[in-house]
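One structure is given below, encoded as structure tokens.
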Amino acid sequence: MTTSTRRSVLRTTAWSSLAVAAALAGCNKKDDAAPAAASAPAASTAAAPASAASAPLKVAFAYLGTVGDGGWTFAHDNGVKAMQKELGSRVEVKTVESVPESADAERVFRDMVAQGNTLVFGTSFGYMEPMLKVAADNKGVKFEHATGYKTADNMSTYDNRTYEGAYMAGVIAGGMTRTNTIGVVGSIPIPEVIRNIDSYTLGAQSVNPKVKVKVVWVNEWFNPPKETEGAQSLIDGGADVLLQNTDSSAVLQTAEKNGKYAFGWDSDMTSYGPKAHLASAVNNWGPYYIKTARDVIAGTWKPGRTWWGVKEGAIDLVSISDKVPADLKAKVDTVKAGLKDGSFAIWKGPIVSNDGKEQVKAGTTADDAFLGGIKFFVKGVEGQVPGAK
């Protein structure tokens, strides 16, 4: 199975069914279909020293790609390094790169258990079913699955609110565009990606109501040639500031070659296109990995679902270029502070889709169930979501 399956059709179905279930029950990401998102981690403090006789917690991570992708897997690996630095000898870590989303993933997870790892992370959506099988047979091991929706007595899921980073990038894009046309290279048209495109648009419109957004789909998560082609198409169509929801640095590099602007995604991509780079919307998995390992060591780990963002230090917009005016930087700082203390909500009405339908009423804020099932483009985005009715 190819890389594109990481959060593809299965996830689309999952988001849809869970969103419906949550809508019937009330609110919160998938509401009764999944436990509420975990609260923010406490401020980092030194863990109590383990006794001399205590063996380290053995932790294993399955990576979809290689650390050299500069994006998704690189970000997870940075999180692992942060955990190692924070916990030191209290953890012993093993990572396996390029684990396919296929039956082979089950073999890898079973091998990790056989090697004595008692905390196992799968960093890709396609690992969900294999991990569930292995978890069922190994009740003494704790399993953590990134971006999924199924849990068990010894298996949790975790994700980051990437749409918050997309919104902050949009604030800058709206102020930097000279054509009033910005673009997004999208991977696969699932709620996660659509939500990011819409949030990017809302951010841009918050400073420039004239902004229009063009989208090109490549239908894969990691395919540099297709990403390059998509970016070039957007530039040829008049877009002068680009964002991507793909895993490589190809979009930023294409913008650099064309004298346009773009953002890094998942990780800080400044070095891939320093002239084009405006900022990078990054995932910081470190806080979650640190907290989870500590919980297992302390015997307080519980299964559930976690969806963290700026508030918990899991999402950020970093390395903002000196090319960005001070007023836009100040706007981003204000948004970031509001997301952190809860005083600002990105998805607060009125919000209208690009077909004129009211999606979020004035004075109301979309809950997590709504955000988890988004299948529409907001006003300002050109075209329709592929497959949407």
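The values are calculated or read from the model by the stated rules, or taken from the named source; none is laboratory data. The structure presented is a predicted model; accordingly, all values stated were derived computationally and were not measured. For neighbour counting, all protein chains shown are included, and Cβ atoms are generated from backbone atoms with ideal geometry for every residue, glycine included. Please note that ligands, DNA and RNA were not included when accessible areas were found on the heavy atoms of the full protein model with its side chains. Shrake-Rupley method; radii C 1.70, N 1.55, O 1.52, S 1.80 Å.
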Revision key, fill the gap. Over segment 135-149, the set of residues farther than 21 Å from Asp247 by Cα and in contact (Cβ under 8 Å) with a residue 40 or more places away in the chain is Lys142, Glu144, Tyr149
Review point. Would it be correct to say that Glu164 is more than 14 Å from Leu243 (Cβ to Cβ) and either outside any strand (DSSP E or B) or open to solvent by less than 10 Å² (accessible area, probe 1.4 Å) (or both)?
Key: no
Point to revise | Number of positions in segment 65-86 that are open to solvent by 10 Å² or more (accessible area, probe 1.4 Å) and of a type outside the set (Ser, Thr, Tyr) | key: 12
**Study point:** Condition met for Ala82 (among the small types (Gly, Ala, Ser), more than 17 Å from the chain's Cα centre (by Cα), at pLDDT 50 or above and within 30 Å of Pro224 (Cβ to Cβ))
**Key:** yes
Point to revise | Inter-residue pairs, beta-carbon under 7 Å, first at positive phi and in segment 70-91, second in a helix (DSSP H, G or I), 6+ apart | key: Gly70/Tyr272
Review point. Checking Asn354 against (1) under 23 Å from the mean Cα position of the chain (by Cα); (2) of a type in the set (S, T, N, Q); (3) under 30 Å from Gly383 (Cα atoms), which single condition isn't satisfied?
Key: (1)
Review point. Under the condition of being in contact with an Asp or Glu (Cβ under 9 Å, 6 or more places away or on another chain) and not in a loop (DSSP other than H, G, I, E, B), which residue from segment 259-278 is farthest from Val324 (Cα to Cα)?
Key: Asp266
Check your understanding: Looking at Thr306, Thr270, Thr292, which one is closer than 27 Å to Ala337 by Cα, open to solvent by 30 Å² or more (accessible area, probe 1.4 Å) and not aliphatic (A, V, I, L, M)?
Key -> Thr270
Point to revise | Test: residue in segment 121-129 that is in a helix (DSSP H, G or I) and in contact with a Gly (Cβ under 7 Å, 6 or more places away or on another chain) | key: yes
Check your understanding: When segment 314-370 is examined, which residues are found to be of a type in the set (Ser, Thr, Tyr) and part of a loop (DSSP other than H, G, I, E, B)?
Key -> Ser319, Ser321, Ser343, Thr364
Exercise for review: Could you tell me whether any residue of segment 190-211 is over 21 Å from Ser124 (Cβ atoms), open to solvent by less than 10 Å² (accessible area, probe 1.4 Å) and part of a loop (DSSP other than H, G, I, E, B)?
Suggested key: yes
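Residue by residue, here is whether (1) within 22 Å of Ala55 (Cα to Cα); (2) outside any loop (DSSP other than H, G, I, E, B); (3) open to solvent by less than 20 Å² (accessible area, probe 1.4 Å) holds:
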site: Val93; (1), (2), (3): yes, yes, no
site: Pro100; (1), (2), (3): no, no, no
site: Arg107; (1), (2), (3): no, yes, no
site: Met112; (1), (2), (3): yes, yes, yes
site: Gly116; (1), (2), (3): yes, no, no
site: Ala135; (1), (2), (3): no, yes, yes
